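The values are calculated or read from the model by the stated rules, or taken from the named source; none is laboratory data. These numbers come from a predicted model, not from an experiment. Cβ: placed from backbone, ideal geometry, glycine included. Neighbour counts: every protein chain shown.
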Amino acid sequence: QVYERLFGPESRFEERFRSSRGEKVSTVTPWERAEGTRFTHRRRLCYTSPVTKQVGPFQVAKVTRVEENQECRLSDGFFGLKSTIRFLDIPLGDSFSVTTRWYLPAEGDAAS
């Protein structure tokens, strides 16, 4: 149920989330089965994101290109999402990555 609410075909979560952050999405691949990994599905997003913080004394771009790879795992007890986000133009034409992981218990289950 969590997957359907956040990422299902009728969900507007991704669109609302990106819009609230001022991001402009150019590519979202459909979820596909992930073989040979502990995750069950994966997809890729490409978008631009505003840069709102200064990095040291240097002038940085106002917008950065972003590549995001999402992997999720659907099981009876929980929904897991791993997101690796690569900012392509920060800080100075370099790039860096941030990986986040979300684990949500199924309804009625206590988090372990």
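Observations, loosely collected:
- From the list GLY93, GLY108, GLY36, the one residue that fits, being on the phi > 0 side of the Ramachandran plot, at pLDDT 80 or above and not in a helix (DSSP H, G or I), is GLY36.
- Hits in segment 69-80 (condition: free of Cβ contacts under 8 Å to residues at least 40 places away in the same chain and either out of contact with any Asp or Glu (no Cβ under 9 Å at 6 or more places or on another chain) or under 18 Å from THR100 (Cβ atoms) (or both)): ASN69, GLN70, GLU71, ARG73, SER75, ASP76, PHE78
- Hits in segment 40-68 - residues which are in contact with a Phe, Trp or Tyr (Cβ under 7 Å, 6 or more places away or on another chain) and either hydrophobic (A, V, I, L, M, F, W, C) or touching a residue at least 40 places away in the same chain (Cβ under 8 Å) (or both): VAL66
- Residue that is modelled with the lowest pLDDT [pool: residues in segment 67-82 that are among the charged types (D, E, K, R) and touching a Lys or Arg at 6+ places or on another chain (Cβ under 9 Å)]: ARG73
- Picking from residues in segment 68-82 that are part of a strand (DSSP E or B) and over 21 Å from VAL25 (Cα atoms), the one that is farthest from the chain's Cα centre (by Cα) is PHE78.
- Flag for ARG44 being within 15 Å of the chain's Cα centre (by Cα), assigned to a strand (DSSP E or B), loosely packed, with under 15 Cβ neighbours inside 10 Å and of a type in the set (Lys, Arg): yes
- On inspection, ILE85 does not qualify as outside any strand (DSSP E or B), modelled with pLDDT of 75 or more, of a type outside the set (Phe, Trp, Tyr) and within 20 Å of VAL25 (Cβ to Cβ).
- Of the residues screened, GLU23 is one that is at pLDDT 90 or above and surrounded by 15 or more Cβ atoms within 10 Å (Cβ to Cβ).
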